[in-house]
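The values are calculated or read from the model by the stated rules, or taken from the named source; none is laboratory data. Since this is a predicted model, take the numbers as computed values, not measurements. Here the Cβ is made from the backbone with ideal geometry for all residues, glycine too, and neighbour counts use every protein chain on show. Each accessible area value is taken on the protein alone, full model and side chains, heavy atoms only, with ligands, DNA and RNA left out. Shrake-Rupley method; radii C 1.70, N 1.55, O 1.52, S 1.80 Å.
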Amino acid sequence: MRVGQAGGYSAAFATMQALGLMPMRGEMAEPIHAEAGTGKGVKAVVLGGGIGGLVSAYELRKLGYDVVVLEARERPGGRNFTGRNGTNVEFVDGTTQTIQWEEGNYQNLGPARLPSTHWTMLNYVRELGVPLEVEINTSRSTLLQNDKANGGKPVPQRKAINDTRGNVSELLSKCIRKGALDSEFSAQDRERMMDFLGIYGPLDKTGAYVGSGRAGMKVAPGAGKQAEVDEPPLDMRTLLDGDFWDGMLYEEDWPWQATMFQPVGGMDRIPYAFAKSLGSIVQYSSPVTEIRKTSNGVRIAYTQSGEAKQLEAAYCICALPFPMLKKIPNDFSEPFKRVIDGSTMAGALKIAWESRRFWETDYNIYGGLSFLEQGVSPVWYPSSRIMHPTGIVVCGYMMDDKEIPGFGDLPLEQKFAASRASMEKLHPGHGKELQNPVYCGWRHVKWNEGSWIMDYGGGPAGYDAVIEGDGPIYFAGDTISNVVGWQEGAALSARRAVDMISAKVKAAS
């Protein structure tokens, strides 16, 4: 618990595995602790048709509950949102962008990765028969750019990573040779350390780093007399000026180390598969207008295609975003109201463009992310339709008020211009090839108004409150988990809510 509070989900996950409390390999998700038929004759309503709501309804139905899902949009998925030709991106201020891309091109404007460690979601993918392909999350061919280093010229990740390793190995080798670490190592240890650095660096026989084919080659080996010629290395001062460390090491975080997947054709294949299975259980164009408790459970008021309606149920799983709950009249208990009303949400955004796939043909980049230290960043190259003439590339996946203060409030054309300028820094001459842009800023998206939770009203105590039921009402979504921002968190919280309801139903029987 202490590790989790200090370091979050990733740290707690790794610690539990190291202690043997969690398996190191993927397993089927732990079953919900309820018998088939537990919910027979019991009505439940689920508010919100995102992943949290869909998983809730899917599991409630398995147990025999009479369940209905109310979803404000005309589609399932919530933030699991894939843009294609003809898709509308609608903001709360009435701004609408209609995507105009080649048929077959798409971009996941919300979640775009499924780590192989997110076993709960992967098990649903298997169960629903959603085909997956590898999402290329990292590539040493991608670029790192800083106006303050290397004359502003981008540096391939392979060069930055391996030249950093070589320079640090040389410095450590010098320390060992000068006896600076004699108190730390025995003579045998020093010898073994020097052998290691010679390979890790790699260093020459004098202990110097003079470059390596790992970092890139000026001339690749070929036929006849064409031998490999390595590029000269970047010195450590240039690398320090570059401050490339976040971009170089982002894949070392626990979730990023895993093999990444994506559904073939778009991430929204998952919610649509849930929706197909649930059928008429999911009711679209049905925004909730009031949430009230009754002596027998809950009463939910909503509109459906403009007509005011209401329904009553014994239990409710609320998977609506907190910004929406702030606006809906309700009679949540005071602790829950404080958590919801005092919460703040992040404002993640993506800017996507259609283009000739110059990153593949001209730069040999297939998937992965390039990072800039100044401007709109990163550039995220597509893993789908590799070698197709055109593709959708993201130039900007960041917070609207963090990396560039005030960016989220700029007019669309200024956002697009800044994004194009960043692409031009990384790939000179190719910014002009970007066309048909779309901006998805989740703080502005209708029915969301935020990407993921930043702060709970009341801090950690607020989270502890909201994960418990409020009478007949339970909450679900990644917000109600320690896996914030991931579909896995939404699925786990949904299963937990179903478990809690079923325990109450069993106790009352």
Practice problem: Run residue 87 past the list (1) in contact with a strand residue (DSSP E or B) (Cβ under 6 Å, 6 or more places away or on another chain); (2) under 21 Å from residue 263 (Cα atoms); (3) polar (S, T, N, Q) and report the number of the one that doesn't hold. | Solution: (1)
Self-check item: Neighbours by Cβ (under 9 Å, 6+ apart or cross-chain): first from the range 276-290, on the phi < 0 side of the Ramachandran plot; second aromatic (Phe, Trp, Tyr) and part of a strand (DSSP E or B)
Solution: 283/302; 286/302; 287/302; 288/302; 289/302; 290/302
Self-check item: Residue that is closer than 28 Å to residue 136 by Cα and within 34 Å of the chain's Cα centre (by Cα), where the choices are 216, 211
Solution: 216
Practice problem: Report, ordered by the first and then the second residue, all pairs with beta carbons closer than 8 Å, sequence separation of six or more or different chains, a first member in the range 402-414 that is within 21 Å of residue 97 (Cα to Cα) and modelled with pLDDT of 90 or more, and a second member that is open to solvent by 100 Å² or more (accessible area, probe 1.4 Å) and of a type in the set (Val, Ile, Thr). | Solution: none
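So that you can scan it fast, the table gives a plain yes or no per residue for (1) of a type in the set (D, E, K, R); (2) in contact (Cβ under 8 Å) with a residue 40 or more places away in the chain; (3) closer than 30 Å to residue 265 by Cβ:
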site: 109; (1), (2), (3): no, yes, yes
site: 116; (1), (2), (3): no, yes, yes
site: 119; (1), (2), (3): no, yes, yes
site: 125; (1), (2), (3): no, yes, yes
site: 151; (1), (2), (3): no, no, no
site: 171; (1), (2), (3): no, yes, no
site: 181; (1), (2), (3): no, no, no
site: 191; (1), (2), (3): yes, no, no
Quiz item: What is the number of the single condition among (1) in a loop (DSSP other than H, G, I, E, B); (2) aliphatic (A, V, I, L, M); (3) open to solvent by 50 Å² or more (accessible area, probe 1.4 Å) that residue 208 does not meet?
Solution: (3)
Self-check item: Unique residue being part of a strand (DSSP E or B), modelled with pLDDT of 95 or more and either under 24 Å from residue 441 (Cβ atoms) or not polar (S, T, N, Q) (or both) when the list is 55, 68
Solution: 68
Quiz item: Name the residues in the range 113-127 that are under 11 Å from residue 261 (Cα atoms) and open to solvent by 10 Å² or more (accessible area, probe 1.4 Å), would you?
Solution: 113, 116, 117, 122
Quiz item: Among (1) among the aromatic types (Phe, Trp, Tyr); (2) out of contact with any helix residue (DSSP H, G or I) (no Cβ under 7 Å at 6 or more places or on another chain); (3) under 30 Å from residue 119 (Cα atoms), which single condition is residue 196 missing?
Solution: (3)
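For every residue, the table says whether it meets (1) small (Gly, Ala, Ser); (2) closer than 27 Å to residue 149 by Cα; (3) at pLDDT below 95.
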{"site": "164", "(1), (2), (3)": "no, yes, no"}
{"site": "168", "(1), (2), (3)": "no, yes, no"}
{"site": "171", "(1), (2), (3)": "no, yes, no"}
{"site": "179", "(1), (2), (3)": "yes, no, yes"}
{"site": "199", "(1), (2), (3)": "no, no, no"}
{"site": "255", "(1), (2), (3)": "no, no, yes"}
{"site": "258", "(1), (2), (3)": "yes, no, yes"}
Exercise. For the range 130-145, state whether one or more residues are open to solvent by less than 60 Å² (accessible area, probe 1.4 Å), more than 23 Å from residue 256 (Cα to Cα) and in contact with a helix residue (DSSP H, G or I) (Cβ under 7 Å, 6 or more places away or on another chain).
Key: no
Self-check item: All positions within the range 51-80 that are within 19 Å of residue 451 (Cβ to Cβ), open to solvent by 20 Å² or more (accessible area, probe 1.4 Å) and not charged (D, E, K, R)
Solution: 72
Quiz item: strands (runs of 3 or more DSSP E) wholly in the range 272-364 with at least 1 residues that are among the acidic types (Asp, Glu) and under 30 Å from residue 130 (Cβ atoms) - which ones?
Solution: 348-356
Quiz item: Could we say that residue 425 is farther than 30 Å from residue 70 by Cβ and without any contact (Cβ under 8 Å) to a residue 12 or more places away in the chain here?
Solution: no
Quiz item: For the range 238-268, which residues satisfy the criterion of being in contact with a helix residue (DSSP H, G or I) (Cβ under 9 Å, 6 or more places away or on another chain), in contact (Cβ under 8 Å) with a residue 40 or more places away in the chain, in a helix (DSSP H, G or I) and open to solvent by 70 Å² or more (accessible area, probe 1.4 Å)?
Solution: 241
Quiz item: hydroxyl-bearing (Ser, Thr, Tyr), surrounded by fewer than 17 Cβ atoms within 10 Å (Cβ to Cβ) and out of contact with any Phe, Trp or Tyr (no Cβ under 6 Å at 6 or more places or on another chain): does that describe residue 98?
Solution: yes
Practice problem: Quickly run through the range 325-345 and pick out the residues that are in contact (Cβ under 8 Å) with a residue 60 or more places away in the chain, crowded, with 19+ Cβ neighbours inside 10 Å and not small (Gly, Ala, Ser). | Solution: 332, 336, 339, 340, 345
Exercise. Give me a count of the residues in the range 430-451 that are more than 19 Å from residue 477 (Cα to Cα) and touching a helix residue (DSSP H, G or I) at 6+ places or on another chain (Cβ under 9 Å).
Key: 9
